[in-house]
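The next block holds one structure in the form of structure tokens; read it before the comments.
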Amino acid sequence: MPTAPEQLPPPDRILSMMQGLQVSGILQAGLELGVFDAIAAGTTDALEIATATGASERGTRILLDALAALELLERDDGSYALSPQADAYLVSGRPAYLGGMMRIIGGDPAWEGYAHLAGAVRRGGTLLAEHAETPEHGFWETFAAASGGISTPAAGALADVLEPWAAARERLEILDVACGGGLYSLTLAERLGHARVTLLDWSNVLERTKETVERLGVEDRTTPIEGDVFEVALGGPYDLIVASHILHHFSEERCVELLARLAAVLRPDGRLAINEFVPGERPAEEPFPHLFSVLMLTWTREGEAHSLETYERLLEASGFARPEVRAGVGLPTRFLITSPAHA
Ligand SMILES: C[S@@+](CC[C@H](N)C(=O)[O-])C[C@H]1O[C@@H](n2cnc3c(N)ncnc32)[C@H](O)[C@@H]1O
């Protein structure tokens, strides 16, 4: 092991990882205060921006310079402008706005969770109150309301995959299990007039789902089911079941329990569409799913991003065929499309 400074590898990446918390905090403060919105509305110097956002001039100046250092703002002679990326993604109301995602990835549960990560690693699960299974946890309302920006392209991509099959069916009864904002099923329903969607989640979350239902104009073709996915009567039978970002909250045993419940209400020629982060064999090539597993470690007792081999095993154990795998859009997810094994 070399010890002379000139023989050591550069430390830059490690130092920049140490600053990751700061970078995330700076971006979050910019969004929370409405700095990007204020600049988009025409304010340019620290005093004007501080006045528009209701913050101190000193604090605003320091934050603006940090945002310029991160290349989210451009500074010229005391005047600030949005970088092209900030203009596209950080101004509320823009079609590709990602500010909601910050409330999910960087919200209070994340700060709290990462503060206790070493403890969660020691224990093998969260040190916090389990929020995946706590009935009506408030975080899921935030999630449903804030995930639209990132889910819209992904839900469109899933609808593209399912549409040719779904359009050819005489009847299209869909169950969206743990639906959140509901986009993954409702986007398909918006395209196909014969689709009817049953939306299942906690009752407080379904209040947010209603907003998507109304926005897409599909009120007359949706039915809510409130309650626990492991307990509540699922109705059916269904032609299509959508399970998006729910299985990663649970252990393999609980996943099989849930998948077997879904298999029992799916028509023999129906489809199950899973949308998930699926880690591969080379973490550095696609880091996101591996980092996401850490988030599940901080937040849940038993959740993680399961591998494709694991999903294949879980699906087989619950009566499903080997899934067809498609790449998602927007986020590095996979769509796993399967059907009952005997079909
Ligand atoms: C990560 S969000 C995914 C929402 C949506 N499917 C999507 O992909 O955007 C997980 C959802 O599962 C719901 N959920 C978690 N555990 C649940 C349970 N035991 N019963 C019903 N819903 C549950 C939460 O309320 C939340 O809406």
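Observations
- Accessible area (Å², 1.4 Å probe, nearest 10) - Tyr97: 70 Å²
- Of all DSSP beta bridges confined to the chain, the antiparallel ones make up roughly 40%.
- A convex hull fitted around the alpha carbon atoms of the chain yields 169 Å³ per residue.
- Axis of helix 57-69 versus longest Cα principal axis of the chain: the two differ by about 70°, to the nearest ten degrees.
- A dipole drawn for the chain from +1 and -1 charges on Cβ atoms has a positive end, and of Ser56, Gln22, Leu308 the residue lying farthest that way is Leu308.
- Kirkwood Rh, angstrom, region 127-244 [1 / mean 1/r, Cα pairs]: 14.4 Å
- Counting only alpha carbon atoms, the long axis of helix 203-216 and the longest principal axis of the chain meet at about 90°.
- Furthest towards positive pole of dipole, Ala46, Tyr114, Gly124, structure part the chain, Cβ charges: Gly124
- Calculated FRET value between Thr134 and Ala69, using beta carbons and R₀ = 35 Å, to 0.05: 0.35
- Taking a point 7 Å from the Cα of Ala341 along the Cα-to-Cβ direction, the residues of region 252-287 with backbone N closer than 20 Å to it are 252-274.
- For the chain, calculated [θ]222 nm from helices alone, where every DSSP H run of n ≥ 4 adds -39500 (n - 2.57): -14000 deg cm²/dmol
- Accessible surface of the chain, 1.4 Å probe: 54 percent of it comes from carbon and sulfur atoms.
- Once the C-beta distance of Val325 and Ile104 is scaled by a Förster radius of 22 Å, the resulting FRET efficiency is 0.35 to the nearest 0.05.
- A viscosity of 0.692 mPa s and a temperature of 37 °C, combined with the Kirkwood radius over C-alpha pairs in the Stokes-Einstein formula, give region 6-152 a diffusion coefficient of 189 µm²/s.
- Local net charge near Ala260, Cβ-Cβ under 15 Å (Lys/Arg +1, Asp/Glu -1): -2
- Environment charge of Pro95, counting only residues whose C-beta is closer than 14 Å and scoring Lys/Arg +1, Asp/Glu -1: +1
- The convex hull of the Cα atoms of region 1-90, projected and averaged over all directions, covers 7.6 nm².
- Average accessible surface for region 57-99: 61 Å² per residue, computed with a 1.4 Å probe over protein heavy atoms with every protein chain in place.
The values are calculated or read from the model by the stated rules, or taken from the named source; none is laboratory data. Predicted model only: the values in this text are computed from it and were never measured. Because the Cβ atoms are built from the backbone with ideal geometry, glycine has one as well, and the counts that use them run over all protein chains shown. SASA here: full protein model, heavy atoms, side chains in, ligands and nucleic acids out. Shrake-Rupley method; radii C 1.70, N 1.55, O 1.52, S 1.80 Å.
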